[in-house]
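Please treat every number below as a calculation from the coordinates, not as lab data. Owing to the predicted nature of the structure, the values given are computational and were not obtained by experimental measurement. Cβ: placed from backbone, ideal geometry, glycine included. Neighbour counts: every protein chain shown.
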Amino acid sequence: MFIPTDVPEQLAAVGKHEPRILIVGAGVAGLTLARSLRNRGLRPVLVERAEQRQESGYMLGLMPFVDSVIGELDLEREYLERSVPVRRYRLCSSTGAPLREYSVDAVLGEFGHYRGIERGGLLELLATGGVPVAWRTTPHRIDQHGQRVRVGLTGDGIDFEAEFDAVVAADGTHSATRSLVLAPERVRTCDTAWGGWVTWADPDDLPDVYQEIWGPGCFVGLYPVPGRLGVFVGGPRTDTRRGPSAFAELVRDRLRIVDTRCSHALTTLAAASESHYWKLSDVRCARWTVGRVALLGDAAAGFLPTAGVGAAMAVESAGALARRLARADSTGITEALRDYERVQRPRVESAQRNSRQLATLMLRRGRTVSRARDFAAALAGMNTAFGPIRKLLARRDRDEPAPVR
Ligand SMILES: Cc1cc2nc3c(=O)[nH]c(=O)nc-3n(C[C@H](O)[C@H](O)[C@H](O)COP(=O)(O)OP(=O)(O)OC[C@H]3O[C@@H](n4cnc5c(N)ncnc54)[C@H](O)[C@@H]3O)c2cc1C
């Protein structure tokens, strides 16, 4: 449950000897951090630009990177209730025909869960027990002086100032907070020139099967969550400009075989009154910390969807940052933030590289190259495709904060 609480009221609750931590963005990363810090006895101030949240958002497949944080938060039972297991992954070729089906357990099972959940469901889960948040609030200025960060905020249209010991920008890929501390040339984007729509379809009789169709100049992804099916339909942006209905027709033309599930998804997209368009590009930053300001989640490294790991890495990073912040007093904050960057940045950038490599395989236009890709994909298998992710999962538990000096 979110508890609407403005910034002065949240600040009044912070203990006298406790660091004053501002978290910008009540999304996956910001909320995980807020909840993790609260569980450790701190009271961070959480602000969110949006109106109070009600929408369920889109579908997320969460890799085992989240398991230890969910466990630390004592939310495992609720997590399992609100999500579905993903047991099989069905890959369809450039013609739309099934190419191979993989056991997800065989690839990820040794590391923990792989679950499908609605983004809104995950946020509600993280807010279990009550998390105060100031809605319609965003920073517009950040000045760092010695051990203090002075932040200019706008809440409900009114400007005011507040002082903090640390600020965490968790306001997503297009982070406006990041642009208050990092020059534009330090933020790089990788653009695939593809994009697509996200929508919901009715559930079917394959509630534990992720299915992807890597077509020539089109991509269809079908991802179950409890009670419904998340759908992504995309292609080169030069083609998706025609709009969802015309593009859905184009996908039918480009694929020779459109199975019932895919057909249902395309019909749903064509009829949807609202669907969210997603431009497939990512973001990488030269630095994650500037003095007492840290970047977290997509604000630090925004992901292409191809490995389906952005949210999981955001949760893992939030856990790593919480562990460090909870051990630091006001004077040790800069060091705690630097240690967080030291450990998490290489891990997250490695997962981001994996997503980029998969994009070059999955997002292809021509028929001939797509057929060659089918052949390579069938040969390589999931263990190879997810090799770097498996390596990161195997090395998860080495993340100990540097000793306090
Ligand atoms: C369609 C889709 C499917 C995806 N599928 C998967 C998947 O299967 N598996 C996976 O692991 N990842 C997936 N991802 C990626 C994942 O959603 C992100 O990596 C993850 O949400 C990052 O969390 P975040 O908190 O950094 O950003 P977000 O969850 O985007 O949250 C950012 C928050 O900041 C708020 N905000 C923005 N600007 C401001 C501001 N100026 N001031 C205050 N607040 C602000 C926003 O309103 C939002 O609440 C998917 C993404 C999309 C779009």
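Quick rundown of the values:
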item: Among V47, I70, G57 - extreme Cα towards positive end, dipole of segment 1-78, charges at beta-carbon; result: V47
item: Förster radius 30 Å - calculated FRET efficiency between I3 and A176 (Cβ-Cβ, nearest 0.05); result: 0.75
item: Mean separation of Cα contacts under 8 Å, 6 or more apart, over the residue count of segment 1-121: relative contact order %; result: 26
item: Efficiency of FRET between D74 and A13 - r from beta-carbon atoms, R0 25 angstrom, step 0.05; result: 0.70
item: Virtual spin-label span in nm between S263 and W278, 7 Å along Cα→Cβ; result: 2.6
item: Förster radius 25 Å - calculated FRET efficiency between E55 and D105 (Cβ-Cβ, nearest 0.05); result: 0.20
item: Ratio of the Cα radius of gyration of the chain to 2.2 N^0.38 Å, where N counts its residues; result: 0.99
item: Proxy reagent accessibility, fewest Cβ within 10 Å first, across H113, H140; result: H140, H113
item: Whole-number percent relative contact order across the chain, with pairs defined as alpha carbons under 8 Å at least 6 apart; result: 21
item: Spin-label model distance (nm) - Q147 vs L361, 7 Å beyond Cα toward Cβ; result: 5.0
item: Residues M1, M382, M313, M63 arranged by fewest to most Cβ contacts within 10 Å; result: M1, M382, M63, M313
